[in-house]
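Read the structure below first, then the notes.
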Amino acid sequence: MSRWRLLPSVFRSLRVGLVFLSALVMSACGGSSGSSSDGGGASTTASVVGTVTDPAIEGAAVRLVDAQGDALTRIQITDQTGQFSFKLSSSVDLAGARVVAVGGRDVETGQDLQGITLEARLRTGSEIMVTPLTTLALAYEREGGTLAGFASMLGLTEQELESDPANSAATQRASMLLTELMVAMKGAADSTSSLLDKLQMANGNLGDTADLLVADAGLPAAVVSRLRAVQSRIAALDSLAEAPANAEAMVRELNRLNIRKGVADYLSNNLDFQPASDREQANLNALADAIFDALNQRGLPADSAALLNIARYVVVINALSAEAIAASDFTVPQPIDPENLLPLLADTEVVDSTLPLAVGEELGDDNAARVEYFFRSDLSPYYRAARLFDGVMDDQVTDPVYVSVVRGLADAGFIDQAELMAQTSVFQSSWKGEAFQEVGRVLEGQGKTEDAIEAWDKALEFYNQYLKVLEDENGVPLVSADDASFYQTLSGDYRNAGFPQKADEAMAGVRAYIKSQKGQPYTTAYARLAVGVGNNAEALVLEAIGNGSVGESYDRAREAASFFHEVVSSMGARESADKCYAIKTLQLASVAEFYGSLGEYEKLKKTLDEFEALLDIGCNQASVIYAKNYADAYGLLGLDERFKSLLEEKVRPYDVANDKAYEADALAAFSVYEALELAKSDQSNRINDAVVLITGRTDDLADVVELLTYTGTGRKDGGFRYLSRRLWDEGYAVEALAIADIAFEITLSPEFAASETRPSSYIGQGCRKVAKLYDWFGEPAKARTRMNECSAAVENRMALWSTVEQADAYALLAESYQFIGEYAQSLVYVPSWNALIDVMGDKAEQSYQKTQIAIFAANAGDFALATLAMDEAMNLAAAIAVETDSQSQIEDGIDEHLDVAAYQQQMLDIIRGRIAGDGIAAGEPEAAERARIQLRNGLIGSDGASGALPLIAAINDPEDRENYLRVVIVLLASAQFFDDAERLAQEADYSTSRNARLALVAKGYASYGDYPDSTVVRFDFDKDGLPDFFSPASTQQERDALAVSLDDDIDGDGIANASDATPYCSVCEL
């Protein structure tokens, strides 16, 4: 089977489900799909027609639901006139039915109704109008009011309220202003009921309603800010010298006011122009009205990116300045829009990066201005990720995408926009919870703890709503590993912020589930939960150890280990004669390891008590085989006799009965702790005695070396620390070095060579492993000396190995010198390595070996060698992928293409990752960019249609073909070839596949960055190695420590940012 075929890690992380679109839209909007009720009131109506209007709203998702909210029809999307129609069977029960419309855009005012639900009661015999008025009327009736009463409160008749608002000025005014208030209220809790409440308090006066909402201390600041803008527009509309005579005039005047407000805001913010006299105000109004006329009197929200683009464009092409607009002889330029571009700009939702900035608006070296411009522009990866799903209603696909966008916006400092998206674009409660958790984390990082707690409270509320649906008949939620991870991390967020009570409350549902499982039979679902929680604990423990076992990471690790212990302790028994608690026993050993690593010795003691109790259970006697896993725990606590008694009483009888050697294995593992005490003693032969003790317990020399040193191969400072490392940690430096010397001698012995015949074990588990130990001990000269001795020993054994093994050996030697910081020496082995590759007969092996040289050379800073080796790997992969009818050979060819592309991405990340930490080396950015381009060429060719694509098209199995294409999309997106990735995604035949592919592209956007692992900088638009701006959350100290400075020419066009009117467009003509 192809190693790329199933992609479990990629797709599991996305949680993409393939579900019917209509059902998901219902779910996203609060309803559900399904058949209608059978009871009473059957109608003979054959069709339902109507209009969603405010004026007309295009692109709204409309459905008919029954009295319980269950869908009676499929989704209909409104056209430019806002119209929809449904065909219904005469047997459908329409009693209490409603028309529900979600989202869309007002074609005349430009208002975006995303996340807003409008509704109207079903009326037979006439066209149905779905408006803000009918929406609030229904809400009013649910509270016990009447339609007549609501209409009267607004000064309208029932007929006016349910008819087209375009029939009268008063109705149109009420409808549009309610829409403005609804849009402003996005992100507020219970926005419709809050609006209705204030409307009633104001007795239907919309100006007073706005005043009351602005004064509501419970509304978020961003909502209040938007409400203030609506408040001013209502006042301006009401203060017109002559009231609009009809609905058309009403729409025109409100649109004019919005354009005036948007233009005024742009001039104030960017040209520092605020009218200081009636004449200057008249000049501003004249300019805004000219723009309004050029837009054919089309409306736009005052705070829209489209209007910002338009105002900027007009100012730039007409060379307007604050002084010119303030002049007493100012006249509006004619024509104001010579190219007739304003209607096109009206369709933009973000800053158009191809439009020039106004004089004085250039970015220069202002980091905040750079950040603001980039993330509000059409270049923002979060904007582009969201736009992939315009018109897609599958919230199981879109929710994870929008959560990643929320995270990115929050990280970039756009908290209000992030919260708004979390509230209005993420529909499933679990994902909404995760979105608000991300917002809270960013707020906490900014020191805004109160706001962070508010966001986390929302996160908890939303996720609890999701979990409640999963409750069993006893009201206990069924918790998965993902659920537990959410609650556990949220609890940690609360605790780290200083709110332990909230931390405990966050875990209440999970703990209830764990408690309910105690004494219950073993289930696979609960085991998966335990594994997930254990993996999380392991990651946090390793992080804590890496940070010196202090601070917040240490506290998080302790809490995670304790929670894992809770989960394991409640694990049930399986049906088995002698291993009923085997999985629990094994998991408990991991708990013991975590406690030991964290120094939680009291908890460790209790864990051992639990372990021994498990061995006393009749159906679990075979679990004695795991005694070795607990040796470290007994050793850390100095429980020598207790452990040996356990082995004698429990393990030895099992060994005798089953001809096993588990007791010997456990004693060998335990010998480290006995040897540790000997090595620290005052005995003259303490070092020799300690070693003899260990060698006397096992015949396996690789195990002896490990017990004398550490687990691992020296690739990283991880793994369990055994004798020499423990001696070093406890301050016995002389003894630690003496043990290391003995271990090294063993690795060069003939006996070790005879037992470890493969290069990977002879070097990785032998002399290289010990040489690295000296480097950790602060002895670099000795590490180099030992590595030279290791190299000589390896050279002496070369003739005993095959060609492939010899190549592996040289690769290991080269890598080993890098591990101890000897990069120049590491390159010495490349020619021998390369020569062996060239004589191999297997092209796939040759290709793999070449990619490894490329990765190695990139790490060593030899970019020419890295590029050459990767090019050779590409050529070899292409040679494998010859035309053939054999499906297996075709798969081999595809696999090689994908493998090489994945290694190219790894090489690219290595090269780019060096820049932020070490600065820009000669040829470094060029090598990175070449690797990126070659990755694309290997996958889809320079023409976008070759590379691996013809081979994939030749695969017969459609599922395999789809999975291969998804891998190509992932790799293209990770290398920032988003247009190519999106094109391949859009070519899918079915919407489910297309959406799944687009989700992969969106994931690439969300993780888009040019400096891997850097939190200080992220983007480099022209790929010259210099970052475009500092991340908003970075500190000045972090910025000063960076090895590179900000780019003074972001787009690389030779024009400095201080004077570049199009800083992100190198080909734009001014």
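Can you tell me how many residues in the stretch 758-791 are of a type in the set (S, T, N, Q) and buried (at least 18 other Cβ atoms within 10 Å of the Cβ)? Of the residues in the stretch 758-791, 2 are of a type in the set (S, T, N, Q) and buried (at least 18 other Cβ atoms within 10 Å of the Cβ).
Listed by first and then second residue, the pairs linking a residue in the stretch 757-770 that is under 12 Å from residue 745 (Cα atoms) to a residue that is modelled with pLDDT of 95 or more and among the aromatic types (Phe, Trp, Tyr), with Cβ atoms under 7 Å apart and 6 or more places separating them unless they lie on different chains, are 766/752; 767/744; 770/744.
Under the condition of being out of contact with any Ser or Thr (no Cβ under 9 Å at 6 or more places or on another chain) and surrounded by 24 or more Cβ atoms within 10 Å (Cβ to Cβ), which residue from the stretch 889-907 is farthest from residue 1010 (Cα to Cα)? Filtering the stretch 889-907 for residues that are out of contact with any Ser or Thr (no Cβ under 9 Å at 6 or more places or on another chain) and surrounded by 24 or more Cβ atoms within 10 Å (Cβ to Cβ), the one farthest from residue 1010 (Cα to Cα) comes out as 897. Exactly one residue out of 404, 377, 353 is at pLDDT 85 or above and under 25 Å from residue 1050 (Cα atoms), and it is 377. When 202, 169 are screened for being in contact (Cβ under 8 Å) with a residue 60 or more places away in the chain, farther than 24 Å from residue 417 by Cα, surrounded by fewer than 21 Cβ atoms within 10 Å (Cβ to Cβ) and in contact with a helix residue (DSSP H, G or I) (Cβ under 7 Å, 6 or more places away or on another chain), only 169 passes.
To keep it simple, each residue is scored yes or no on (1) over 24 Å from residue 407 (Cα atoms); (2) touching a strand residue (DSSP E or B) at 6+ places or on another chain (Cβ under 9 Å).
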| site | (1), (2) |
| --- | --- |
| 1016 | no, yes |
| 1020 | no, no |
| 1028 | no, yes |
| 1033 | no, no |
| 1041 | yes, no |
| 1048 | yes, no |
| 1052 | yes, no |
| 1062 | yes, no |
| 1068 | yes, no |
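Of the helices (runs of 4 or more DSSP H) entirely within the stretch 598-662, those holding at least 3 residues that are within 20 Å of residue 566 (Cβ to Cβ) occupy 601-615.
Take the conditions (1) without any contact (Cβ under 8 Å) to a residue 40 or more places away in the chain; (2) under 19 Å from residue 582 (Cα atoms); (3) surrounded by fewer than 20 Cβ atoms within 10 Å (Cβ to Cβ); residue 666 misses just one of them, which is (3). Working only within the stretch 75-91, note down all residues that are of a type outside the set (A, V, I, L, M, F, W, C), in a loop (DSSP other than H, G, I, E, B) and buried (at least 16 other Cβ atoms within 10 Å of the Cβ). 78, 82 - these are the residues of the stretch 75-91 that are of a type outside the set (A, V, I, L, M, F, W, C), in a loop (DSSP other than H, G, I, E, B) and buried (at least 16 other Cβ atoms within 10 Å of the Cβ).
Scanning the stretch 978-1033 for residues being assigned to a helix (DSSP H, G or I) and within 15 Å of residue 908 (Cβ to Cβ) gives a total of 1.
The rows are residues; the columns are (1) over 42 Å from the mean Cα position of the chain (by Cα); (2) buried (at least 21 other Cβ atoms within 10 Å of the Cβ); (3) more than 18 Å from residue 864 (Cα to Cα).
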{"site": "799", "(1), (2), (3)": "yes, no, yes"}
{"site": "803", "(1), (2), (3)": "yes, no, yes"}
{"site": "810", "(1), (2), (3)": "no, yes, yes"}
{"site": "833", "(1), (2), (3)": "no, yes, no"}
{"site": "841", "(1), (2), (3)": "yes, no, yes"}
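Criterion applied to 531, 479, 510 was being part of a helix (DSSP H, G or I), buried (at least 20 other Cβ atoms within 10 Å of the Cβ) and β-branched (Val, Ile, Thr), and the one residue passing it is 510. Please list, ordered by residue number, the helices (runs of 4 or more DSSP H) wholly in the stretch 279-355 having 3 or more residues that are under 30 Å from residue 383 (Cα atoms) and of a type in the set (Gly, Ala, Ser). Here the list reads 305-317. Given (1) crowded, with 21+ Cβ neighbours inside 10 Å; (2) in contact with a strand residue (DSSP E or B) (Cβ under 9 Å, 6 or more places away or on another chain), identify the lone condition not met by residue 112. The one condition residue 112 does not meet is (1). Would you check which residues across the stretch 538-556 are farther than 16 Å from residue 720 by Cα, touching a residue at least 40 places away in the same chain (Cβ under 8 Å) and within 22 Å of the chain's Cα centre (by Cα) and list them? If the condition is that a residue be farther than 16 Å from residue 720 by Cα, touching a residue at least 40 places away in the same chain (Cβ under 8 Å) and within 22 Å of the chain's Cα centre (by Cα), then 556 is the only one that fits.
Against the criterion of being of a type in the set (A, V, I, L, M) and farther than 30 Å from residue 430 by Cβ, residue 327 qualifies. Quick test for you: out of 1011, 1005, pick the one residue that is buried (at least 20 other Cβ atoms within 10 Å of the Cβ), in contact with a Phe, Trp or Tyr (Cβ under 7 Å, 6 or more places away or on another chain) and either of a type outside the set (Asp, Glu) or within 22 Å of residue 923 (Cβ to Cβ) (or both). Just a single option satisfies the conditions, and that option is 1005. Screening the stretch 434-457 for residues that are assigned to a helix (DSSP H, G or I) and in contact (Cβ under 8 Å) with a residue 60 or more places away in the chain and picking the one that is farthest from the chain's Cα centre (by Cα) gives 445. Per the listing 879, 857, 864, the residue uniquely of a type in the set (A, V, I, L, M) and closer than 17 Å to residue 899 by Cβ is 879.
Just one of the listed residues (791, 816) is touching a Cys at 6+ places or on another chain (Cβ under 8 Å), over 19 Å from residue 907 (Cβ atoms) and part of a helix (DSSP H, G or I), and it is 816. Applying the selection to the stretch 1038-1055, what residues are in contact with a helix residue (DSSP H, G or I) (Cβ under 9 Å, 6 or more places away or on another chain) and more than 22 Å from residue 373 (Cα to Cα)? Within the stretch 1038-1055, 1042, 1043 qualify. Taking the criterion of being closer than 20 Å to residue 895 by Cα, in contact with a Phe, Trp or Tyr (Cβ under 7 Å, 6 or more places away or on another chain) and in a loop (DSSP other than H, G, I, E, B), the only residue of the stretch 955-977 that qualifies is 955.
Checked against the criterion of being in the same structural domain as residue 160 (by TED's automatic domain parsing), of a type in the set (S, T, N, Q) and closer than 29 Å to residue 361 by Cβ, the stretch 232-253 contains one or more residues that satisfy it.
The values are calculated or read from the model by the stated rules, or taken from the named source; none is laboratory data. The shown structure was predicted, so the numbers you read here are calculated from the model rather than taken from an experiment. Counting neighbours? That spans all protein chains shown, and the Cβs are built from the backbone with ideal geometry, glycine included.
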